[in-house]
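Inspection log for the structure reproduced underneath, given as structure tokens.
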Amino acid sequence: MSEIRLGLGSRDLKRNKWAIGGMGVVCAAVGAAIWWLPANRTSTQPDPDRGAWLLGIAVFWILLAVHMINQARGATYLAPDHIRLQSFVKRHSIPWSEVARFEERQRRTCGGPYWDVRVHRTKGRPLTMPGLFTSGRRDWEFDENLVKLHTYWASAKGTGLLPPG
């Protein structure tokens, strides 16, 4: 078996790019409002603390953008002897013998539901698998990646059976 890459589909990558851009526009609009609005209703002078607010908004947007890029560019690689979790920031390699199970989770945010997958290890805490999430509706690419994951795991374990998911 060769190494297989599991990552986001084109629909989710496009959605992620639009979300990063949209958050950039929102942060820029809030920053512009802080820059041009006066300190209070009776004053025509700008707020003297506006620099701190602008810095805070810029830091917030940078952290949010790095998080979203980390999610979008991360991927899970399936190899014959291990599973490799590679994101923009971190890398983990887990031998197949240490994989106990996979958990598919539905999470809810104010933007709606999304699904992700975690790998449970026999030793250590579970890890969220980069590149294996979908937002909004479930899509066929996410389900196809789950089938590839379970099939590859069954082949690596040598059982030939699909593990419970």
Residue ID - modelled with the highest pLDDT, chosen from residues in the range 38-56 that are in a helix (DSSP H, G or I) and open to solvent by 100 Å² or more (accessible area, probe 1.4 Å): LEU55
Single unsatisfied condition, ARG108 versus (1) open to solvent by 70 Å² or more (accessible area, probe 1.4 Å); (2) modelled with pLDDT of 90 or more; (3) in a strand (DSSP E or B): (2)
Residue pairs meeting the criteria (Cβ under 8 Å; at least 6 apart or on separate chains; first more than 20 Å from SER155 (Cβ to Cβ), in the range 96-110; second among the acidic types (Asp, Glu) and surrounded by 10 or more Cβ atoms within 10 Å (Cβ to Cβ)): ARG105/ASP116; ARG107/ASP116
Subset of the range 57-80 that is in a loop (DSSP other than H, G, I, E, B) and farther than 15 Å from LEU132 by Cα - its residue that is modelled with the lowest pLDDT: PRO80
Subset tally (residues that are more than 20 Å from ARG5 (Cα to Cα) and without any contact (Cβ under 8 Å) to a residue 40 or more places away in the chain) for the range 127-146: 1
Qualifying positions in the range 144-165 - modelled with pLDDT under 85 and surrounded by fewer than 18 Cβ atoms within 10 Å (Cβ to Cβ): ALA154, SER155, LYS157, GLY158, THR159, GLY160, LEU161, LEU162, PRO163, PRO164, GLY165
Residue under evaluation ARG15, criteria (1) at pLDDT below 85; (2) loosely packed, with under 13 Cβ neighbours inside 10 Å; (3) touching a strand residue (DSSP E or B) at 6+ places or on another chain (Cβ under 8 Å), criterion not met: (2)
Selection count, the range 111-137, where residues are on the phi > 0 side of the Ramachandran plot and either outside any strand (DSSP E or B) or surrounded by 16 or more Cβ atoms within 10 Å (Cβ to Cβ) (or both): 3
Some residue of the range 22-36 being closer than 26 Å to TYR114 by Cα, at pLDDT below 85 and open to solvent by 40 Å² or more (accessible area, probe 1.4 Å): no
Residue check for ALA79: loosely packed, with under 15 Cβ neighbours inside 10 Å and more than 14 Å from the chain's Cα centre (by Cα): no
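The values are calculated or read from the model by the stated rules, or taken from the named source; none is laboratory data. All values reported here derive from a predicted model rather than from experimental measurement. Reconstructed Cβ throughout: ideal geometry from the backbone, glycine too, with neighbour counts over all protein chains shown. To get the accessible areas, we keep the full protein, side chains included, count just its heavy atoms, and leave off ligands, DNA and RNA. Shrake-Rupley method; radii C 1.70, N 1.55, O 1.52, S 1.80 Å.
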